[in-house]
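Have a look at the structure below before the remarks.
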Amino acid sequence: MVRVTDGLVLPQDQVSLYYTTDPYLGNLPVFVFHGPSTTSNSTLNSSRIQVHIFTAAGFQSYPRITISPNSPFYQSVSHLPRDRQGDEICRGLAFGLLKYFKELPEVVRTGLIFQSANSRGKRPGSAPTLFCEQHAADVAGSMVKVENIGEVIQDIEAALRPQNINHLDIDLVLPPGSIVPLREEEIEEQNEDEEIPDPTLKQYGAYAPLVKLFGEVAFLPTSKLRRAPSRPTSLNRSRSFMKDQKLSLRREMGEMVDTEERYVIKMHELVNHMADDFRAKAKSREFGSFSPSEQDLEKLFPRCLDRILQINSAFLADIRKVMDETEEDAMRDLETPIVSSTGSRYGGTGRLRDPTGALAFAKVLLEWFPQFSDCYQEYIRASQEFPQIITSFMKQPSSFRERVQQTGEQRLRSAVIEPVQRLPRYSLFIDNIVNYLPVMHPALQPMLKARDIITSICSLDPPATDKPQVVNRLRNLIDSWPKSLHPQGRLITAVDFVELPAPFHVGPSATASAREGMFLLFADYIIVLRKARECNLSARGLVAEVDKPSAATMIASVTAAAGGHKKMYELTFCGWHALGDTRFTMSDDGRSVAMVSLHELKDPETGRERTSPAATVRNFILQSAYDGKALKFTEEITKARVEGRFAEAERETDKWCLRSIKLQAAEVTLHTAVFEEGIDTLIEGRKEPASIRIVIDHAKGTKGAPVGHYGVDIVANVTVMGGGLKYRLEVDGLNDRVFVDEVVIEHLLPTFTKRGMFIVFFTSQNDDPILTNCM
């Protein structure tokens, strides 16, 4: 957990509050809490005071400062009006303000000077007195005492409520050519005491121990696979392949072939006898007959049924062929009591083989299952109406009813539902097969991928994201959606919220007057919507309407397009932020999130930044499914940012992966994109780098990134020394923060985290424009 704003300590009973406004800071309030210093090693002395200053430039606390004429900060006292120079409190205010001004980070000072000059219609150089001795004296001389100090402290504490970062996205950049994807036959046997037991790490060669530090491979959805890949159960974690396991494996594979053969026979009976007979009778039915027409029967026996029979017949032939071709090797292999998890070795070539046939069987599944998608999903959707269709047909006295009675109504109902019931059985067979495979068997991952394909088909997931269709459906649900806005990423999630007005008090009274709205999270944009007073549409309902529009929504859209009644929208488009320019932090209670954007909200009409004083820092209470789950929301934001930086084509290659690890000591989860990139590398679809970038062996041509450019806040250059025994770690951050350490591999990640978090904390404390919008 990175705490980007620290908790405030304002001793109300020890300080007095003084207030004024500053014309150089947009006439915003300036608060100074002043009182005698009471630190443990000090005595009550008028020259030692405590000062806590809150302005648009930030909050700073000085528990103990000494007002000495020899201090350079005392120069502000001589610029006070003569009648105020003898006032101890006014002297302390002027002294503390000048110290505060002089210690402002350069980036904050420059930004405020530029903002002040622009607001006054002058160039930046036209405000020479800003933050100087005279400026501090002018502000101190105009201050008045505030009596309602308790209310002010409550407002400041609410505005500066501690904010945390629990998820960070990182780029881990390896030298060009360092990732060498392995072919299946190159995966060698591994012993129990092998240093790198995970075969996914072997492709990184000498950098495998380094990559291993960043955790296990994590999942990002693609158009081909929208849910996280399945993982093997814990029923068989051994590396040995025993004889009884091989026998059970072949038995399960054979059982799948046998059931597929019986299924194809049933489908042949349904298509070529039952369906064709009913179709022929419908074609020759007499005029005025109550029997269903050909069009009616198309609803009960859709044409995709013929395609299912065709595909499954060819699929059966292929899996039967695999079983026949591997039968002899499988029987011979059973004579070997124990072999490695990756198979047996035969011949003098040393090439790895799988005599059980499981790998070849899995490859057939991966080849055919994607072809099941269209026809089976069409049939599943049609099958939802089968019971009502058959019931309606049976109510009419007709020859069709008599034929059904001869065939058997229950038999007909069972026959037409057979394809729907067949799909989940493939998953059961795969689960049984996987239970008998050793943990390192080459067929394990292909089997799990095949299972995921079946799961995706059963859940009616589309084979690819139809982005224009998503945008069109959102446009039908949201008022004022810009015609020019077409997010390139997928719609990841929608989140209900209420926006808190400054100073961001959390409570029933604050949320009662807050504005309700909704986030739409894409891989490249975060879109902000406003809810109408009578809005009944939740974020979950919106996603459901986008996935599958209801009849009421479609009727309303068609009616409005045809010139009928004006459509009444429940949601209105407010604007959007580029996700790469936006930072989200969460409060300690896990309910609220703060959004800090480098740019103002994009205008829905023009797409340009608004010139109105829109806040760049906003605070939201998450609701509904995300109530109390700000941690989950910030994780999705972090992964979306990774997804938006890399094109799907690159993420599907063997030279890119995402790894995640939770650092328990720091309470932060790192989501690391691992890839190789050279200085001259240019990959289509790759966008600007992550704000935190780890560059390995820059001297070997690895592409780095300058701090402060392209949104990069931290660059860690790692150099391998001593053949991988030691590493030189140089962490560079904003404001010229640089740390250099030489560490062993066990200390590399903890050291990087410690240095990086210090830079993140320091930068967030001084550079974010948080305070300006709280006043």
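Would you mind computing, in nm to one decimal, how far apart the modelled labels at Ser61 and Arg279 are, each placed 7 Å from Cα along Cα→Cβ?
8.0 nm
What are the residues whose amide H is under 5 Å from the amide H of Trp481, where those residues sit 5 or more places off or on another chain and H is modelled from the backbone?
Under 5 Å from the amide H of Trp481 lie the amide H atoms of Phe573, each far enough along the sequence or on another chain.
Can you tell me which of 627-640, 726-739, 255-268 comes out highest on packing, and rank the rest after it, using the mean Cβ neighbours within 10 Å?
627-640, 726-739, 255-268
What's the local net charge at Ala640, with K and R +1, D and E -1, over the other residues with C-beta under 14 Å away?
Local charge sum for Ala640: +1.
Can you tell me how much longer the chain between Thr38 and Arg251 gets when fully stretched, taken as 0.36 nm per residue apart minus their C-alpha distance, in nm with one decimal?
Values: separation 213, 0.36 × 213 = 76.68 nm, distance 8.11 nm.
Separation in residues times 0.36 nm, less the Cα-Cα distance, equals 68.6 nm.
Which of the residue pairs Lys246/Lys639; Lys102/Lys703; Lys99/Lys754; Lys212/Lys700; Lys632/Lys687 have a Cα-Cα distance greater than 31 Å in the structure shown?
Lys246/Lys639; Lys102/Lys703
Cβ under 13 Å from Asn536's Cβ, Asn536 left aside: what net charge do those residues give with Lys, Arg +1 and Asp, Glu -1?
Here the charged neighbours net out to -2.
Pull out the extension gain between Ser78 and Lys662, defined as 0.36 nm times the separation in residues minus the alpha carbon to alpha carbon distance; nm, one decimal.
Additional length available on full extension: 204.8 nm.
Using the Cβ atoms and a cut-off under 14 Å, what net charge is assigned to the surroundings of His505, where Lys and Arg are +1 and Asp and Glu are -1?
Here the charged neighbours net out to -3.
For the range 46-89, list residues with backbone N below 11 Å from a point placed 7 Å from the Cα of Asn148 toward its Cβ?
In the range 46-89, the label zone of Asn148 (backbone N under 11 Å from the point 7 Å along Cα→Cβ) covers no residue.
By accessible area of protein heavy atoms, probe 1.4 Å, what ranking do Phe219, Phe369, Phe584 get, highest first?
Phe219, Phe584, Phe369
To the nearest 20 debye, what is the magnitude of the charge dipole of the range 18-112 about its Cα centre, counting +1 on the Cβ of each Lys and Arg and -1 on the Cβ of each Asp and Glu?
Dipole of the range 18-112, to the nearest 20 debye: 160 debye.
Distance from a point 7 Å along Cα→Cβ of Asp87 to each backbone N in the range 10-31: keep the residues under 19 Å and list them by number.
Only 15-23, 29-31 pass the distance filter.
What accessible area, in Å² to the nearest ten, does a 1.4 Å probe give for Arg251?
Rounded to the nearest 10, the figure is 130 Å².
Quick one: how many Å² of His273 are accessible to a 1.4 Å probe, rounded to 10?
100 Å²
Work out from phi, with θ = phi - 60° and the Karplus expression 6.51 cos²θ - 1.76 cosθ + 1.60, the ³J(HN,Hα) of each residue of the range 95-108, listed in order in whole Hz, and give x for Gly and Pro.
Coupling constants for the range 95-108: 4, x, 5, 5, 4, 4, 5, 5, 9, 5, x, 4, 5, 5 Hz.
With a point put 7 Å past each Cα toward its Cβ, work out how far Thr259 is from Ser392 in nm, to one decimal.
Spacing of the two 7 Å Cα→Cβ label points: 3.4 nm.
If I stretch the segment between Leu725 and Lys102 completely, what's the gain in nm (0.36 nm per residue apart, minus their alpha carbon distance), one decimal?
219.8 nm
The values are calculated or read from the model by the stated rules, or taken from the named source; none is laboratory data. As the structure is a prediction and not an experimental result, all values here were calculated from the model. Positions of Cβ are backbone-derived with ideal geometry, glycine not excepted, and every protein chain shown enters the neighbour counts. Please note that ligands, DNA and RNA were not included when accessible areas were found on the heavy atoms of the full protein model with its side chains. Shrake-Rupley method; radii C 1.70, N 1.55, O 1.52, S 1.80 Å.
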